[in-house]
Amino acid sequence: MTAQPEFPHISTKPPLWRYVTTAIPYVNAAPHIGFALEMIQADCLARLYRLQGDGVRFLAGTDENSLKNVLAAEQAGLPVTELVRRNAKRFEQLKPALDLSVDDFIRTSSDVRHRRGVEALWAACARRGDIYCGRYEGLYCTGCEQFYKPVELDRGRCPEHGTPPEQISEDNYFFRLSRYRQPLRAAIESGRLEILPAGRRNEVLAWIDDGLEDFSISRSAERAHGWGIPVPGDESQVIYVWFDALGNYITALGYGTGSRGLSRFWTGAASREHVIGKGITRFHALYWPAMLLSAGLELPTRLLVHGYVTVDGRKIGKSAGNAIDPVPIAQALGADALRYYLLRHIRSTEDGDFTLSGLRRAYSAELAGQLGNLAHRTVAMIHRYRGGVVPAPPAGGPDDLSAVVGSDTLSAVADAIEGYRFQEALAILWDGVSAANRFVSDRQPWSLAKSEHKDSGAGRELDACLYALARTLDIVGQGLAPLLPSTSARLRAHLGRGDLLVDFGRIAEIGGNRVDRDAILFANADFPESDNRDDTR
């Protein structure tokens, strides 16, 4: 992959620069629903920051310099370059499939920025005296690309993959993690490096209290089958996949090349946020910050750690045969249906079970039945009773709906999203949708319409009712913009809102807008016959 252009779409002086990243997954197999969750969560943050006027860089990518990718290629009878190219393409295709606003996608085996940056990072740590040669003997899980102590195993097996680790003994290069015990603790306790949720933060502090051991950062080229970035000055070794992969967050910004991207989105950024799964917390909360301190670079500002998406209560895995491909589901139902289910029905920081039946219920009852029905009948009544034009706001002051969906709704939604509480953000908006549906049942606009020709008060009440519904939908539509972007755009278009959301939270006047004749947000869905499990995993 060639180097990306230098941020042409971003204005020169936004209020803040922000950097949002996902983890980069191994490409030994296709993406599954669990990684879709991570991509969608990160996308919501990136979209919110942009809507607030900030300059944002949203990075994703693939981790390709891994022994497990080599073994998968051998099993498939393919050259490693071909396997990683094919599967990396499938990860790149998540961007259109899930309606992601990714700015940059880095492939660690082929992007020219990456190798140069990783070599520069190695050199910086070596100059600090934090890299040395040593011999390692231990238990290694290829699935995790990680050494384990016997006490960390679950009945002798890897706690993540359930497989017995391999006994390894070889000469490697090591990184002096033990040197950074106190600086890491101070960064976390002070909030300089924030870890959400609090339980993960406490877990990391407990690891620090248990003592930090130096860790191996190279593998013999023979054991790596010659795949990976050679250690500078020693081609008998390749750089350990985690040292290599963690560097992507800065190599994508041009670290080691003098690119202005590094000073803008790392050194000078208001926030540097990594969205990751709980299984790789140790690498991101200990190894990566220590490497950055060694290289003299700023730390991430936040680690946002989500749980696992399970299927039938089990962690998704190749050996379990329960991986679900998110792309066919998104193609069948629309990206927002899948985004809604993962954001609303799987709590941001906890494990959650994915079921096709649960998705079907959420689509039918909540998206189509509540929001879709409200939008359709509101637009239809404005056409039937007011010629397609939203009435002017009532002179008598706020209506009953303002108490539920008022000027503070959007700030509450923004706070929830930025606080990594996506289910709360959607709950706030759906409270407004539910209140509006009750409002229709209580006020019965159709009855007011029948009475207005002989009762001017009924006509004024009908105007107030239709205005309140349109205003509520307008606020909900704006609040959905970071979460369900396509639904937001279509809803706002139905309400005559052709303007871009330049200032998230600014509620412009809706009275006088001409609405569409029909507002169909969620058509009858052609649900997949199965959960699209990828049997090749």
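The values are calculated or read from the model by the stated rules, or taken from the named source; none is laboratory data. All values derive from a computational prediction rather than experimental measurement. Glycine gets a Cβ as well: all are built from the backbone with ideal geometry, and neighbour counts include every protein chain shown. Areas reflect the complete protein model, heavy atoms only, side chains present, ligands, DNA and RNA absent. Shrake-Rupley method; radii C 1.70, N 1.55, O 1.52, S 1.80 Å.
Here are the numbers for the structure shown:
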read-out	value
Phi to ³J(HN,Hα) by Karplus 6.51 cos²θ - 1.76 cosθ + 1.60 over segment 456-461, Hz, x for Gly, Pro	4, x, 5, x, 5, 5
Across LYS278/LYS315; LYS149/LYS278; LYS95/LYS315; LYS68/LYS315, pairs whose alpha-carbon gap is larger than 21 Å	LYS95/LYS315
Value of relative contact order over segment 130-288, rounded to a whole percent, pairs C-alpha under 8 Å and six or more apart	18
Computed over segment 36-111, Kirkwood Rh from alpha-carbon pairs, angstrom	13.7
For segment 392-456, fraction of C-alpha pairs farther apart than 15 Å, in %	64
Range of Cα positions in segment 439-485 per principal axis (Å), largest first	45, 16, 11
In Hz, Karplus ³J(HN,Hα) per residue of segment 116-129 (6.51, -1.76, 1.60; θ = phi - 60°; x = Gly, Pro)	4, x, 5, 4, 5, 5, 4, 5, 5, 5, 5, 4, 6, x
For segment 301-398: relative contact order, % (alpha-carbon pairs under 8 angstrom, 6 or more apart)	28
Residues ALA489 and SER441, FRET efficiency given R0 of 25 Å [Cβ-Cβ distance, rounded to 0.05]	0.30
Accessible surface, segment 174-326, averaged per residue in Å² (probe 1.4 Å)	33
Reference-scaled alpha-carbon Rg (2.2 N^0.38 Å with N residues) for segment 341-388	1.64
Rounded if a/c under 1.5, otherwise prolate or oblate - segment 201-273, Cα gyration tensor axes	oblate
In degrees, nearest ten, helix 409-418 long axis to first principal axis of the chain (Cα)	10
Contact order normalised by residue count of the chain, Cα under 8 Å, 6+ apart, percent	17
Cα-based Rg of segment 110-253 normalised by 2.2 N^0.38 Å, two decimals	1.12
Estimated D of segment 224-365 in µm² per second, where Rh is the Kirkwood radius over Cα pairs and Stokes-Einstein applies at 20 °C, 1.002 mPa s	117
Mean residue ellipticity (222 nm) of the chain, computed from DSSP H runs ≥ 4 via -39,500 (n - 2.57), nearest 500	-12000 deg cm²/dmol
Amide H contacts of SER218 (H built 1.01 Å from N, under 5 Å, at least 5 apart or other chain)	TYR173, TYR240
Amide hydrogen neighbours beyond the local backbone of VAL56, cut-off 5 Å, H modeled	ARG18
Amide H contacts under 5 Å for GLY406, placed H, 5+ residues apart	none
Carbon + sulfur, % of accessible area of the chain - ligands and nucleic acids excluded, 1.4 Å	48
Burial ranking of peptide ranges 222-230, 245-253 (average Cβ count within 10 Å, highest at the top)	245-253, 222-230
Estimated inter-spin distance, ARG86 and ASP408, nm [label 7 Å along Cα→Cβ]	5.6
Quarter of the Cα convex hull surface for the chain, i.e. its orientation-mean projected area (nm²)	25.9
Table column - 3J(HN,Hα) (Hz), segment 225-235, Karplus curve with 6.51, -1.76, 1.60, x for Gly and Pro	6, x, 9, x, 8, x, 5, x, x, 8, 6
ALA523-GLN331 pseudo-label distance in nm [points 7 Å out on the Cα-to-Cβ vector]	1.6
Highest to lowest packing among 268-278, 76-86, scored as the average C-beta count within 10 Å	268-278, 76-86
